[in-house]
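Input: a single structure, listed below in structure tokens.
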Amino acid sequence: MALFPPSFIDDLRARADIVQVVQDYVPLKKAGNTWKGLCPFHGEKTPSFTVNPDKGFFYCFGCQAGGDVFKFVELQEKLGFPDAVRLLANKFGMAVPESSGGEDGGDAQEREALLKVHEVASRRFAEQLAGPAGTRARQQLSARGMARETIERLGLGYALPSRDALKAWLVKEGFEPRLLLRSGLVVERETGEIVDRFRGRLMIPICRDSGSVVAFGGRAMEADQQPKYLNSPETPVYSKGRTLYGLNLTKADIRRLGYAVLVEGYFDFAQALQAGVVAVVASCGTALTAQQSHLLRRFASRVVLSYDPDAAGQGAAERSSLLLVAEGFQVNVALLPPGDDPDGFIRKQGVGPYVELIRSSRPYLEYLIDRAAEGRDFGQDETRREFLNRMLPIAAQIPDAASRDQFGDRLAHKARITEDVVRAEIRKAAVDRKPALTARELPSFGQIRPAERGLIWGLFQDEGAAEALAALEDADLETLLTRRILEVARGLHREGVVDVPSALLARLNVEEARLVTGIAAMPSGPAPPQECVATLRRLRFERERTELQRQIDRLQSDGGSEAAIAALSRQKMELIRRIAQLSA
Ligand SMILES: [Zn+2]
């Protein structure tokens with residue numbers, strides 16, 4: 001399962017001195033226990049970027065970037081974790097154990113071979129496009145407005161209209177037919193004959209964000225050729241739901257600008273990129289997956305959807321957009337004229353109007369409200385109720401409270417309902433959907449309780465914090481924004497891990513690591529760990545008491561049995577007693 005043995009990662013972390021690694025990119029000056037310098041992740045004139053070699057993390061007080069030595073390389077070099085590990089291993093002269101032998105070794109070897117065969121096939125397709133056989137394909141691309149430079153940048157190619165030209169070439173290059181079948185570049189007929197999957201098609205290489213070709217999309221060239229797009233199947237190196245088309249080319253710009261323009265198709269991407277919209281990426285499929293959105297989250301927190309308006313409000317496109325909202329992205333929508341896509345629009349209207357469309361994009365949630373409100377008569381109670389009920393599930397997906405309230409106020413305004421009423425309804429809907437409120441995305445300092453901050457700070461600075469954390473029960477953590485972080489830390493301590501801070505950072509995503517290092521870099525903690533534990537326990541008891549009171553009220557108004565009410569009241573009294581004990 002794990003790509004590298006944990007012991008190797010630990011060894012590498014110990015050897016890869018974070019100060020030395022950072023100093024390859026940023027000059028640092030020693031200041032007490034930490035080192036300071038100008039942040040490489042945001043423009044600044046006075047240093048707010050700190051590195052703590054003892055605890056093995058960096059943190060910027062300006063832009064809140066933070067993490068361990070691997071995270072630093074990931075951010076700085078725009079790499080995923082495995083590639084960051086390889087880079088550091090290389091730098092510090094450690095051999096990378098790609099797998100732990102046995103079966104796994106075979107898998108790793110096969111993956112290498114699959115990457116190789118895709119690389120060779122991709123080169124072959126590109127040569128064919130550039131050669132005499134590719135004349136018509138080149139004409140079609142040129143009719144689509146594709147400049148030669150773009151074609152080369154995307155590595156576009158051409159598959160000959162032949163039964164097995166590619167297969168023959170790849171076999172000649174030394175690839176086994178068995179591997180070719182695994183790659184999906186060829187298919188086995190019922191007769192046992194092996195033929196090319198892609199024939200007479202424009203070939204679009206699909207890459208990982210590191211740039212390796214892992215699959216192809218093949219576009220039909222004839223009107224009667226079916227299907228219009230033929231794609232590689234899922235293979236050990238390619239999972240459609242985890243890949244975003246074009247990210248390998250645009251990730252640096254997306255990170256620099258902090259947003260991504262999300263389009264649907266390959267040619268929407270190509271056209272936008274060629275038009276100079278540098279932060280573009282394509283979903284290449286109907287509905288975005290959670291993995292795709294996590295991938296994008298590594299690079300940006302804002303997304304501009306550039307969809308056909310008919311599609312934007314419904315079905316798969318709406319699901320994708322709401323998924324992004326739920327993942328904490330700030331989502332805007334740039335509406336094209338009905339029936340148009342970015343490819344067609346840019347070709348007809350040119351670059352300027354498209355860029356203007358992106359620039360004047362509006363918040364997606366506002367757009368949803370306006371669209372749902374269209375043609376409704378809010379003079380009637382029933383209409384208002386129905387409208388509100390339609391929008392509540394959407395409101396419940398919004399992960400942070402401030403945006404949720406903002407959405408609520410807009411709803412209230414639109415439907416002429418009192419703001420407080422709408423806010424209360426939304427809060428209720430959001431609580432019913434608790435999983436959306438986990439710590440995974442976007443908690444900002446303001447929303448996190450001092451007791452949570454105290455525990456996290458203590459983990460890094462105070463020996464006793466891990467012990468204190470171990471005393472917390474699952475129910476104590478239940479509604480906390482930092483629940484996942486605290487759970488992971490508690491688990492590590494229980495497993496007997498000695499260096500909990502390092503192991504914790506290695507297991508968190510970029511957002512979580514940023515949050516944790518931000519807290520750890522504070523000069524002092526808000527409260528001692530033991531006190532934080534008591535506070536969280538008390539908050540839990542308060543929650544339980546409120547819930548009991550609610551049940552009691554309900555039983556009383558529904559005429560429930562005296563015995564049941566008495567039992568609940570006793571439970572409530574017990575809780576009150578325990579709360580008093582904790583406060584003493
Ligand atoms: Zn910074």
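A count restricted to the range 130-178 and to residues that are at pLDDT 95 or above, over 23 Å from P342 (Cβ atoms) and part of a helix (DSSP H, G or I) stands at 14.
Under the condition of being of a type in the set (S, T, N, Q) and on the phi > 0 side of the Ramachandran plot, the residues counted in the range 229-283 number 0. Taking every residue in the range 520-542 that is in contact (Cβ under 8 Å) with a residue 12 or more places away in the chain and farther than 10 Å from G454 by Cα and pairing it with any residue that is assigned to a loop (DSSP other than H, G, I, E, B) and charged (D, E, K, R), at least 6 positions away or on another chain, the pairs with Cβ-Cβ distances below 9 Å are T535/R449; L536/R449; R537/E473; L539/R449; R540/E473; R540/E478. Of the residues screened, I417 is not one that is assigned to a helix (DSSP H, G or I) and either aliphatic (A, V, I, L, M) or touching a Pro at 6+ places or on another chain (Cβ under 6 Å) (or both).
All of V85, V22, V26 fail the test of being within 16 Å of the ligand (Cβ to nearest atom) and part of a helix (DSSP H, G or I), apart from V22. Across the range 85-101, the number of residues qualifying as modelled with pLDDT of 85 or more and touching a Lys or Arg at 6+ places or on another chain (Cβ under 8 Å) comes to 0.
Would you mind stating whether V280 is closer than 26 Å to P353 by Cβ, buried (at least 18 other Cβ atoms within 10 Å of the Cβ) and without any contact (Cβ under 8 Å) to a residue 60 or more places away in the chain? Spelling it out, V280 is indeed closer than 26 Å to P353 by Cβ, buried (at least 18 other Cβ atoms within 10 Å of the Cβ) and without any contact (Cβ under 8 Å) to a residue 60 or more places away in the chain.
A quick yes/no check of all residues on (1) more than 16 Å from F216 (Cα to Cα); (2) out of contact with any strand residue (DSSP E or B) (no Cβ under 6 Å at 6 or more places or on another chain):
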{"residue": "V237", "(1), (2)": "no, no"}
{"residue": "R242", "(1), (2)": "no, yes"}
{"residue": "G246", "(1), (2)": "no, no"}
{"residue": "K251", "(1), (2)": "yes, yes"}
{"residue": "I254", "(1), (2)": "yes, no"}
{"residue": "L262", "(1), (2)": "yes, no"}
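Applying the criterion of being surrounded by fewer than 23 Cβ atoms within 10 Å (Cβ to Cβ) and in contact (Cβ under 8 Å) with a residue 60 or more places away in the chain to the residues of the range 66-80, the residue that is farthest from the ligand (Cβ to nearest atom) is G80. Put simply, of A506, A513, A521, A489 the only residue that is modelled with pLDDT of 80 or more, farther than 25 Å from F8 by Cβ and not assigned by TED's automatic domain parsing to the domain that holds G62 is A521. Against the condition of a type in the set (V, I, T) and crowded, with 20+ Cβ neighbours inside 10 Å, how does V171 come out, does it pass? Judged against the criteria, V171 is not a match. As a summary of the residue check, D400 satisfies the conditions (1) under 26 Å from L481 (Cβ atoms); (2) free of Cβ contacts under 8 Å to residues at least 40 places away in the same chain except for the one numbered (2). Remark: S212 falls outside the filter, which requires a residue to be farther than 30 Å from G43 by Cβ, hydroxyl-bearing (S, T, Y) and buried (at least 24 other Cβ atoms within 10 Å of the Cβ).
Residue-by-condition table, conditions (1) within 24 Å of L12 (Cα to Cα); (2) of a type outside the set (G, A, S); (3) more than 12 Å from the ligand (Cβ to nearest atom); (4) outside the structural domain of F460 (by TED's automatic domain parsing):
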| position | (1), (2), (3), (4) |
| --- | --- |
| N33 | yes, yes, yes, yes |
| P40 | yes, yes, no, yes |
| G43 | no, no, no, yes |
| F58 | yes, yes, no, yes |
| C63 | no, yes, no, yes |
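Considered as a group, the residues in the range 45-56 that are of a type outside the set (S, T, N, Q) and more than 9 Å from the ligand (Cβ to nearest atom) include one that is surrounded by the most Cβ atoms within 10 Å (Cβ to Cβ), and that residue is V51. In the range 551-573, the count of residues that are crowded, with 18+ Cβ neighbours inside 10 Å and either in contact (Cβ under 8 Å) with a residue 60 or more places away in the chain or assigned by TED's automatic domain parsing to the domain that holds D54 (or both) is zero.
Which number in (1) of a type outside the set (A, V, I, L, M, F, W, C); (2) crowded, with 18+ Cβ neighbours inside 10 Å; (3) modelled with pLDDT of 85 or more; (4) in a helix (DSSP H, G or I) marks the one condition that S320 misses? It fails just one condition, (3).
The values are calculated or read from the model by the stated rules, or taken from the named source; none is laboratory data. Note that the coordinates shown come from a computational prediction; the quantities given were computed from them, not determined experimentally. For neighbour counting, all protein chains shown are included, and Cβ atoms are generated from backbone atoms with ideal geometry for every residue, glycine included.
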